[in-house]
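Peer 1: Starting off with a structure, shown below.
The values are calculated or read from the model by the stated rules, or taken from the named source; none is laboratory data. Remember, it's a predicted structure, so these values are computed and weren't measured experimentally. As a convention, Cβ positions derive from the backbone with ideal geometry for all residues, glycine included, and neighbour counts pool all protein chains shown. Side chains included, ligands, DNA and RNA excluded: accessible areas come from the protein's heavy atoms. Shrake-Rupley method; radii C 1.70, N 1.55, O 1.52, S 1.80 Å.
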Amino acid sequence: MPEISVGRWRLELGVAIIDGRTWWTCPVGGEDCGKVLADLGASAIDCMAWHVEHAHLRTLSYRSPV
């Protein structure tokens, strides 16, 4: 399972299967967040890390780093 690093947090991406294709979901908001990315390699991982940092940083600040 792919992981992203955002600041001091390491987060494991969720997975959803849509039309037989694997999509990674936001590790903070999950499928409810609405941010899902097709498995496109390193660029998708970087995009999800950017998304989490800019959309969920406040939520992460309440979590203990892993």
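Peer 1: Sorting check: for 10-20, 25-35, which peptide has the highest mean count of neighbouring beta carbons within 10 Å, and how do the rest follow?
Peer 2: Sorting 10-20, 25-35 by mean packing, highest first, produces 25-35, 10-20.
Peer 1: Over segment 3-62, with the other protein chains present, what is the accessible area per residue in square angstrom, probe 1.4 angstrom?
Peer 2: 62 Å²
Peer 1: Shifting gears a bit: Could you go through segment 14-20 in sequence order and give the Karplus-derived ³J(HN,Hα) for each residue, using 6.51 cos²θ - 1.76 cosθ + 1.60 with θ = phi - 60°, rounded to whole Hz, and x for Gly and Pro?
Peer 2: x, 10, 10, 9, 10, 6, x
Peer 1: Would you mind checking which residues have amide H under 5 Å from Val15's amide H? H placed 1.01 Å from N; only 5 or more apart, or other chain.
Peer 2: Amide H to amide H, under 5 Å and 5 or more residues apart or across chains, Val15 pairs with Thr25.
Peer 1: log₁₀ I(q)/I(0) of the chain at q = 0.29 Å⁻¹, via Debye over equal Cα point scatterers, no solvent, to two decimals?
Peer 2: Values, matching the q order: -1.42.
Peer 1: Same structure again: For helix 42-55, what angle does its Cα long axis make with the longest principal axis of the chain, in degrees from 0 to 90 and rounded to 10?
Peer 2: The two axes meet at around 40 degrees.
Peer 1: Something else: Output wanted: per-residue J couplings in Hz (rounded whole) for segment 59-64, from phi through Karplus 6.51 cos²θ - 1.76 cosθ + 1.60, θ = phi - 60°, x for Gly and Pro.
Peer 2: Whole-Hz 3J(HN,Hα) from phi for segment 59-64: 5, 5, 5, 8, 9, 7.
Peer 1: Can you tell me the FRET efficiency between Ala16 and Ser61 if r is taken as the Cβ-Cβ distance and R0 is 25 Å, rounded to the nearest 0.05?
Peer 2: Given R0 = 25 Å and the Cβ-Cβ separation, E is 0.45.
Peer 1: Same structure again: First compute the accessible area of the chain with a 1.4 Å probe, then give the percent of it belonging to carbon and sulfur atoms.
Peer 2: Roughly 51 percent, rounded to a whole number.
Peer 1: What nm distance separates the two modelled labels at Cys47 and Cys33, each placed 7 Å from Cα along Cα→Cβ?
Peer 2: Label at Cys47, label at Cys33, 1.4 nm between them.
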